[in-house]
1. As a check on your grasp of the helix formula, calculate [θ] at 222 nm for the chain: sum -39500 (n - 2.57) over DSSP H runs of n ≥ 4, divide by the residue count, round to the nearest 500.
2. Using a Gaussian network for the chain with springs between C-alpha atoms less than 10 Å apart, which of these wobbles most: Y189, Y150, Y83?
3. Treating each Cα of region 52-206 as an identical point scatterer and ignoring solvent, apply the Debye formula and state log10 I(q)/I(0) at q = 0.11, 0.17 Å⁻¹.
4. With viscosity set to 1.567 mPa s and temperature to 4 °C, compute the Stokes-Einstein D of region 130-230, Rh being the Kirkwood radius across alpha carbon pairs; µm²/s, no decimals.
5. Can you give me the pair-distance distribution of region 164-218, C-alpha pairs, 5 Å bins, whole percents?
6. Quick check on the chain: what does the Kirkwood estimate of hydrodynamic radius come out to from the alpha carbon pairs, in Å?
7. Over region 74-361, calculate the relative contact order: mean separation of alpha carbon pairs under 8 Å at least 6 apart, over the residue count, as a percent.
8. Using the alpha carbons of region 229-361, what is the convex hull volume per residue in cubic angstrom, as a whole number?
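We did not get these values from a lab; they are worked out from the coordinates using the rules stated. Everything quoted here is computed from the prediction, not taken from an experiment. No Cβ is skipped: glycine too gets one built from the backbone with ideal geometry, and neighbour counts run over all protein chains shown.
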Amino acid sequence: MSTLITNIKQLVQVHEHNTTILKGSEMKTLPVLENAYLYIVNDTIIEYGAMEDCDGIDAETVIDATGRIVLPSWCDSHTHIVYAGDRTSEFVDRINGLSYEDISNKGGGILNSAKVLQETSEEDLFEQSLKRLNQLIAMGTGAVEIKTGYGLTVEAELKMLRVIKRLKQESLATIIPTLLAAHAIPNAYKSKKQDYIKLITEELIPQAAALNITHFVDVFCEKGYFDIKDTEAILEAGNKYHLRPKIHVNQFNILGGIALGVKHKALSVDHLEEINDEDIEALKGSETIPVALPGCSYFLSISYTQARKIIDAGLPLAIATDYNPGSSPSGNMNFIVSAACVKLKMTPEEAINAATINGAYAMGISNMYGSITRGKKANIIITKPMNHYSEIPYAFAHDPVEHVIINGQLLK
Ligand code: NIG
Ligand code: FE
């Protein structure tokens, strides 16, 4: 199977060498080839270059991209798309004045979603999740991380992992599963949180590791959920089974989760709506990438992550949707790229870098995804007609995507 894309107005994110992360001022540069071609064989990028050098390349499928931009698919490194039902009633409660915390204190929030998921059959959960996955692929996402965390019992968390495994098998998209059993304290453990932590560290982590589906462990490190001590116990248990941390920190309160994540070699620390100088210092020189989730800030009307403070300190930054029923019910990375520009004051170049190479880094796959590089996987967006890649974030909430190619296959 071979595909040749011709007459590309701008071929974006072209890296001759296999770049795997962009930090600080490196994020300002987005390499572009004007009037270019791209040649794909099976699932791999084989060649690219100027249109005048394209003669003699034969392909089974030829796509004329005149007036269009071609770029690597979005790499969405933080989602919770396996869930059941929705939380529209809580959305209305918030409009009427309740906070996310108020709703959670009333037994709503994550526990509400867990109750519904526990009562939903595995088949139904798979169908609901597949629909969301297909929607986000159509919006240009080619690689996506998916967390558990709406099960909150051993059985329901394993059910979520099996659903994620089936999505991985049945979808062309690249899927990275993460175990987030420490997402909230179930009602049955309200007065005995330590017993739930024991269930996670002694039963769930070993059982999940035995399934050999996930390589990552996550914890919601936050007041009212899991404190620093709890988080450390879970990260240590994960480490015994080679599960690397990717953690929720600093969403509402700064507890020291960033330094803890760095200490435990977290691949990413996500949210960071709140961040201080100590957090920035802790990240310097580490292999941990900060991840901003502007969809969550938008939907909950909370602070936006201070991307300038992070990038101007020389650090890398990724952006992701956090697609979930409670704090960010959208998987549209085009909107996230736009929100990063408008609300996080990132330039279009920085935002596109954060949503491609750096997003891939935050999933541990940037050696194979996130840039137009010979030998990397062919996960590609071909846009509708436009003059410049900056139109993607500029025309916010429009759909810029005309075609998507996932692992070499034309899907839209
Ligand atoms: O990343 N903050 C914790 N977890 C999710 C929200 C979960 C929910 O409200 O269902 C998040 O925002
Ligand atoms: Fe999240």
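1. Values: 16 runs with 137 residues, N = 412.
Estimated from H runs of four or more residues: -9000 deg cm²/dmol.
2. Y189
3. Normalising to I(0) and taking log10 leaves -0.55, -1.05.
4. Values: Rh = 14.4 Å.
Calculated translational D: 90 µm²/s.
5. Over region 164-218, the share of Cα pairs per 5 Å bin runs 4, 18, 23, 20, 15, 11, 6, 3, 0 percent.
6. Numbers: mean 1/r = 0.0468 Å⁻¹.
It is 21.4 Å.
7. Values: 566 pairs, mean separation 52.3, N = 288.
For region 74-361, the relative contact order is 18 percent.
8. Details: hull volume 14.0 nm³, N = 133.
Enclosed volume per residue, from the Cα hull, is 106 Å³.
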